[in-house]
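Comments concern the structure below.
No value in this document is a laboratory result; all are computed from the given coordinates. The structure displayed is predicted, hence computed values, not measured ones. Here the Cβ positions follow ideal geometry from the backbone for every residue, glycine too, while neighbour counts run over all protein chains shown.
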Amino acid sequence: MSWFILILAGLLEVVGVNGIQQYTKGHTIRGALFVVFGFTASLSLLGIAMESIPLGIAYAVWTGMGTVVVLF
């Protein structure tokens with residue numbers, strides 16, 4: 001279950017990054033909501049996942065997912 005939560009946290013990080021992109025394109029309200037929701041939920045779920053997954057592994061997976069998904 002922790003791995004599922006970690007993957008969901010990585011996907012929500014992408015939502016936050018997309019919110020930043022929307023904000024810079026002029027969609028200020030929608031972008032701000034995406035940023036706040038995406039990063040808040042992502043960090044919360046990352047903390048939950050790290051209760052059973054070691055910090056280094058969890059952080060590497062979380063940032064790696066965000067980087068790979070945003071690049072494509």
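The angle between the Cα long axis of helix 28-49 and the longest principal axis of the Cα atoms of the chain comes to about 0 degrees, rounded to the nearest 10. What's log10 of I(q)/I(0) for the chain at q = 0.24 Å⁻¹, Debye sum over Cα points only, no solvent? Here the Debye-derived log intensity ratios amount to -0.94. In terms of other Cβ atoms within 10 Å, Leu11, Leu45, Leu71 run from fewest to most in the order Leu71, Leu11, Leu45.
When only C-alpha pairs under 8 Å and at least 6 residues apart count, what is the relative contact order of the chain, in percent? Spell out each step's value before the answer.
On the way: 88 pairs, mean separation 30.8, N = 72.
Computed value for the chain: 43 percent relative contact order.
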